[in-house]
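Worksheet: the structure to be examined is printed underneath.
The values are calculated or read from the model by the stated rules, or taken from the named source; none is laboratory data. Since this is a predicted model, take the numbers as computed values, not measurements. FYI the Cβ positions are ideal-geometry reconstructions off the backbone, even for glycines, and counts take in every protein chain you see. Note: areas computed on protein heavy atoms with side chains; ligands, DNA, RNA excluded. Shrake-Rupley method; radii C 1.70, N 1.55, O 1.52, S 1.80 Å.
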Amino acid sequence: MEKPYILADIGEKGIYHCFAPCIEKHFTTISYQNFAQKRENLADKIQAVFIWGGPIIDHSFLQSLPNLKVVVNGGVGVDHLDIPLINSFEVKVCNTPHVVDNATADMGMSLMLASARKIVQGHNFSKYHESERLLESSLGNDVSGATLGIIGMGRIGYKVAKRAQGFDMKILYHNRNRRTEEEEKVVGAVYCEKMEELLRKSDFVMVVVNLSPQTQKLIGAKELAMMKPSGTLINISRGLVVDQDALVDALQRKIIKAAALDVTYPEPLPRDHPLLSFPNVIVLPHMGTHTVETTRVMVERMVTNALAALKGEQPPDEVKI
Ligand SMILES: O=CC(=O)O
């Protein structure tokens, strides 16, 4: 029997390429580029689209695929998808929650530790001998015993708290919904009803919220001004949650000490972006979930969701709004 056709960019060298066999066992996989070239022959055949960030799924894209049944997003955040529009074409949307939590929480901890302990500067010194004053510039700050403020205490935020507990950190959190007393006790986290309290008291502020109209530019000039001058901002959520111009300004004026960002807008930042010029800023190209183990499980989960949708069954991770 012919395998169902899906549109998926697993690339020649991209991280998803390693997992192509897991996808190709079940599906005939067409890349976006091949699709663009042979659109007339393939458009009727495509039943699922696998996406990692792109392409943009808009009205004309949906209209061009009359037999599309499901859009499967690799990762948890679906802020780049217009779900009501996609659903209006009787196409389901799935993501891969849970499987990315540990890797993303690990990345939050990595960024906090790397920033506090000046890992990048130390590496650059070892490699390029670029600073004669390494000792001074390598003087970091203790993470152990410091106060971590977590903004967004969903699954990933909670996993960050668990890890921070192992570093004897004092943990504050701010969230739309307060966690139960039991959950707070397990990780030793103290609820701040007002984000301002968290910002004022934390040495490290880690942003872990979903991007939504309510959280866009949640951290702007006002919020940065509330942070300690010795404070570090860590963002593992979405770039748009932080007002980047305000962040540049706060760093230039030493309103906060440092920043460590897995996410920005755009991604990656243009080479001449001011954020890349600060020695006290770490910028990654959105790689919070990029581990072999997590990506493997993510891809398997995408396959499971797509197979269910194509069989007319309820996919386990359908996103409903
Ligand atoms: O950014 C990563 C995700 O949304 O899973």
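Numbers at a glance
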read-out	value
Relative contact order computed over the range 106-206 (Cα-Cα under 8 Å; 6+ residues apart), in percent	28
Mean-position separation - Cα centroids, the range 239-266 and the range 178-230, in angstrom	16
Stretchable slack from I56 to Q37, in nm (0.36 nm times residue separation minus alpha-carbon distance)	5.1 nm
Long pairs among K159/K185; K118/K170; K185/K222; K45/K320; K3/K38; K38/K311, criterion Cα-Cα beyond 23 Å	K185/K222; K45/K320; K38/K311
Neighbour net charge for G239 - beta-carbon separation under 13 angstrom, K R +1, D E -1	-3
Accessible area per residue, Å², the chain with all protein chains present, probe 1.4 Å	51
Distance between modelled label sites at I119 and D249, nm, 7 Å Cα→Cβ extension	3.2
Sulfur and carbon atoms: percent of accessible area, the range 154-259 [1.4 Å]	49
The range 43-146 - Rg (one decimal) and Dmax (whole number), Cα, Å	22.3, 63
Linear extension gain, Q165 paired with E300, 0.36 nm per residue minus alpha-carbon span	45.5 nm
Bins of 20 Å, starting at 0 and running to the largest distance - Cα pair percent for the chain	30, 51, 18, 0
Segment R178-S64, length gained on full extension (0.36 nm per residue, minus Cα span)	36.6 nm
For the chain, share of DSSP beta bridges that run antiparallel, in % to the nearest 5	5
The range 101-283: radius of gyration and largest Cα-Cα distance (Dmax), Å	15.8, 51
Kirkwood Rh, Cα atoms: Rg over Rh of the range 197-293	0.95
GluC sites (Glu not before Pro) restricted to the range 238-321 and DSSP loop, no more than 15 other C-beta within 10 Å	E313
Debye, to nearest 20: dipole size of the chain, +1 on Lys, Arg Cβ, -1 on Asp, Glu Cβ	380
The range 30-107: relative contact order as a whole-number percent, Cα under 8 Å and 6+ apart	27
